[in-house]
Amino acid sequence: LFSSSFAQFGFYGMVIFNIIVFCLTVMIGAKMLRKNKVPIYFQILLPLVLLKAHDIANTILGGLTEPLFNLSLIAALFFLNEKKYFWFTLIVSTMPFLRSEGQLPLIIALCILLFAKQLKYIPLLTSSFIIYGIAGLFVYNDFLWYFNQSPYEMSNNIYGVGTWNHYLLSYKNYLGNPGLYLFLLAIPSFF
């Protein structure tokens, strides 16, 4: 939905879209760092740290969906940090439509909303499913097309099967060592 106008210009249109999305990601990340009083020299390093993560650097110029997912993730975290639960929930509700692993943030957001006692926002987690479900009625004659028309269905063998620890073993392809170090440093700060 967000990239379709850029996609009309082919691969290069998608690359331009992903560059814009990356710039927005950096701007929101820098704003979060500023608000949390992180020293300026760490703020300046943010774009370099993000580009050092292999998954980000490889997908920006590849026309893939990861950069938009990254933007939605950092925007959701920004609104969560600001305690703007309406926007946090609305953004998280779009994530399953950006990437298939976007289902996990839905579960995490549900837990966050329960923990923060923001129960009135929980129904918003279904908002994108409802909107896209209505659209699916026109395209597929199926309100639940997200589940019924999924290309990632387990009986579909075009994607192959890997071991449970595939992503752990091949982290260098996705995070790289700097991303791994930042992730490991972030765990204690989370607690």
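Worth pointing out:
- Site-free segments of the chain were taken between trypsin sites (Lys or Arg not before Pro) in DSSP loops having at most 15 other Cβ atoms within 10 Å, sites themselves excluded; the longest one is 118-191.
- Inter-site label distance for F42 and N173 at 7 Å from Cα along Cβ, in nm: 3.2
- Whole-number accessible area per residue in Å² for segment 4-126, which is evaluated in the context of all protein chains at 1.4 Å: 58
- The modelled label-to-label distance for the pair I130/F115, using points 7 Å beyond Cα in the direction of Cβ, is 2.7 nm.
- In this rough spin-label picture, where each label sits 7 Å from Cα along the Cβ direction, the W164-K35 distance is 3.8 nm.
- Protein accessible area in segment 74-140, 1.4 Å probe - carbon and sulfur %: 74
- FRET efficiency for the pair I122 and E82, taken as 1/(1 + (r/R0)^6) with r the Cβ-Cβ distance and R0 = 25 Å, rounds to 0.85.
- When each of the peptides 56-63, 74-81, 43-50 is scored by how many other beta carbons lie within 10 Å of its residues on average, the order from highest to lowest is 74-81, 56-63, 43-50.
- In segment 1-148, a dipole from Cβ-located charges (positive for Lys and Arg, negative for Asp and Glu) runs towards its positive end, and of S100, Y85, T65 it is Y85 whose Cα lies farthest in that direction.
- Förster-model FRET efficiency, 41 Å R0, L137 and L182, C-beta, rounded to 0.05: 0.45
- Local net charge near G63, Cβ-Cβ under 15 Å (Lys/Arg +1, Asp/Glu -1): -1
- Cross-link pairs exceeding 20 Å between alpha carbons, from the set K35/K120; K83/K117; K37/K117; K37/K120; K37/K83; K52/K84: K35/K120; K37/K117; K37/K120; K52/K84.
- Within the chain, helix-based [θ] at 222 nm, where runs of 4 or more DSSP H residues each add -39,500 (n - 2.57), nearest 500: -21000 deg cm²/dmol
- Within the shell of other residues whose beta carbon sits under 12 angstrom from the beta carbon of L113, the net charge comes to +3, with Lys and Arg scored +1 and Asp and Glu -1.
The values are calculated or read from the model by the stated rules, or taken from the named source; none is laboratory data. Owing to the predicted nature of the structure, the values given are computational and were not obtained by experimental measurement. Every residue, glycine as well, gets a Cβ built from its backbone with ideal geometry; the counts of neighbours run over all protein chains shown. The protein model used for the area step is the full one, side chains on, heavy atoms only, and it has no ligands, DNA or RNA in it. Shrake-Rupley method; radii C 1.70, N 1.55, O 1.52, S 1.80 Å.
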